[in-house]
Amino acid sequence: MTGLNELLQPRPIAEDRYRVVAGKTGWRRLYGGQVVAQALAAACLTVDRDRPCHSLHAYFLRPGAFDTPIDLEVSRDRDGRSFSARRVVASQNGAPILTMLASFHVDEAGLAHDSDRMPDVPEPEGLPTIADKARARGREPPKLNMLDHIDVRPIAGGIPYDPDYTEATAMFWFRFPEALPDDPVTNQLLLAYASDLFVLNTAVQPHRSAMTADVAVASLDHSIWFHSDAPCGQWMLYVQESPWAGRARGLGRGYIFARDGRHLASVAQEGLIRLGRG
């Protein structure tokens, strides 16, 4: 298994061009959160460290392969007094699999409010894992390789593609058990990695009875707004919902909180949900 630290370390191959290993994460295709985090890692290498990323917007163009290195090309669109903007194209075998825009902002004091409150939920230590919950229901645990790097404890929903859960919401605790550098950039990359976990599943769950075995589900785009420094060695709560699905697409939204209640990030993702033909 390739460690997270290796996955998130782009290697320079030319000016503003980098290469990373793909590893074997995901289910059937490369895990999208990994590619988002790797693209952000490359962009961060071209920006001063006093300018953390405050938002990114990515499009998934092609499924990623497990066994092919990923090339990352960064374009420096702007460096102003307070903001920097970067574009990143992630490619395998010369074909782009992801494009991303990322904006970076010098920390400034300003007006503040936060209307998204962390819900009152059980503590993570006493909760079963996804594998435990699946086995308790007499099912085989889902084979999701990205969970090799993340400890996930479902509260509501949280078992991918569970036919017994039909709400368009989910909540789960997660943390990274691996020993990784404790610095703001690494923690932000880890938050980006985790942000893709099960978001689109909230749009699928209410329609389980209408879905066939050959349904196609795939992420189309992914956005993150970073609000506060992430303590990625600690437990964090992911609250998810789907406000809409239709026209073979579904929208998922997510809110990530630190254990102390701080709102760390907001996430939005649209995905393809195409029913089988037969």
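The values are calculated or read from the model by the stated rules, or taken from the named source; none is laboratory data. The structure presented is a predicted model; accordingly, all values stated were derived computationally and were not measured. All Cβ positions, even for glycine, are placed from backbone atoms using ideal geometry, and neighbour counts span all protein chains on display.
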Note on the stretch 214-226: residues over 15 Å from the mean Cα position of the chain (by Cα) and in a strand (DSSP E or B) are Ala216, Val217
Taking the options Gly110, Gly94, name whichever one is farther than 24 Å from Ile224 by Cα and among the small types (Gly, Ala, Ser). Gly94
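Give the stretch 123-152 a look and list any residue that's among the hydrophobic types (A, V, I, L, M, F, W, C), at pLDDT 85 or above and buried (at least 17 other Cβ atoms within 10 Å of the Cβ), or say none.
Step one: of the stretch 123-152, the residues among the hydrophobic types (A, V, I, L, M, F, W, C) are 127, 130-131, 134, 136, 144, 146-147, 150, 152.
Filter once more, keeping what is at pLDDT 85 or above: 127, 130-131, 146-147, 150, 152.
Listed by number, the residues that qualify are Leu127, Ile130, Met146, Leu147, Ile150, Val152.
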Counting only residues that are buried (at least 23 other Cβ atoms within 10 Å of the Cβ) and either within 13 Å of Tyr31 (Cβ to Cβ) or small (Gly, Ala, Ser) (or both), how many does the stretch 180-209 have? 10
Hey, could you check the stretch 237-254 for residues that are touching a Phe, Trp or Tyr at 6+ places or on another chain (Cβ under 6 Å) and among the aliphatic types (A, V, I, L, M) and say which is surrounded by the fewest Cβ atoms within 10 Å (Cβ to Cβ)? Leu251
Residues located in the stretch 10-52, provided they are at pLDDT 95 or above, of a type in the set (S, T, N, Q) and part of a loop (DSSP other than H, G, I, E, B): Thr46
All but one of (1) outside any loop (DSSP other than H, G, I, E, B); (2) among the polar types (S, T, N, Q); (3) within 22 Å of Ile13 (Cβ to Cβ) hold for Ser55; state the number of the condition that does not hold. (3)
What pairs come up if the first residue lies in the stretch 15-30 and is at positive phi, the second is among the acidic types (Asp, Glu) and in a strand (DSSP E or B), and their beta carbons are under 8 Å apart, counting only those six or more places apart or on different chains? Asp16/Glu73
Go over the candidates Asp182, Asp229, Asp196, Asp162 one by one and state the one that is of a type outside the set (Phe, Trp, Tyr), at pLDDT 95 or above and in a loop (DSSP other than H, G, I, E, B). Asp196
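Got at least one residue in the stretch 133-150 being assigned to a loop (DSSP other than H, G, I, E, B), within 19 Å of Gln34 (Cβ to Cβ), under 22 Å from the mean Cα position of the chain (by Cα) and of a type in the set (D, E, K, R)?
yes
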Out of (1) in contact with a strand residue (DSSP E or B) (Cβ under 7 Å, 6 or more places away or on another chain); (2) under 15 Å from Phe226 (Cβ atoms); (3) not polar (S, T, N, Q), the odd one out for Ala65 is which? (2)
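Please pick out the residue among Leu45, Leu40 that is within 22 Å of Leu180 (Cβ to Cβ) and surrounded by fewer than 23 Cβ atoms within 10 Å (Cβ to Cβ).
Leu45
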Taking the stretch 48-58 as the search range and keeping residues that are of a type outside the set (Lys, Arg) and surrounded by 14 or more Cβ atoms within 10 Å (Cβ to Cβ), which one is nearest to Gly26 (Cα to Cα)? Ala58
Under 17 Å from His57 (Cα atoms), in contact with a Pro (Cβ under 8 Å, 6 or more places away or on another chain) and either surrounded by fewer than 24 Cβ atoms within 10 Å (Cβ to Cβ) or modelled with pLDDT of 90 or more (or both): is that true of Ala218 in this structure? yes
Might you check whether a residue that is closer than 21 Å to Leu189 by Cβ, in contact with a Lys or Arg (Cβ under 6 Å, 6 or more places away or on another chain) and modelled with pLDDT under 95 occurs anywhere in the stretch 66-83? yes
Just to verify a result, which residue in the stretch 255-278, among those that are of a type in the set (D, E, K, R) and either part of a loop (DSSP other than H, G, I, E, B) or modelled with pLDDT of 95 or more (or both), is surrounded by the fewest Cβ atoms within 10 Å (Cβ to Cβ)? Arg277
Select from the stretch 68-118 the residues that are small (Gly, Ala, Ser) and surrounded by 13 or more Cβ atoms within 10 Å (Cβ to Cβ) and list them in ascending order. Ser75, Ser84, Ala85, Ala90, Ser91, Ala102, Ser103
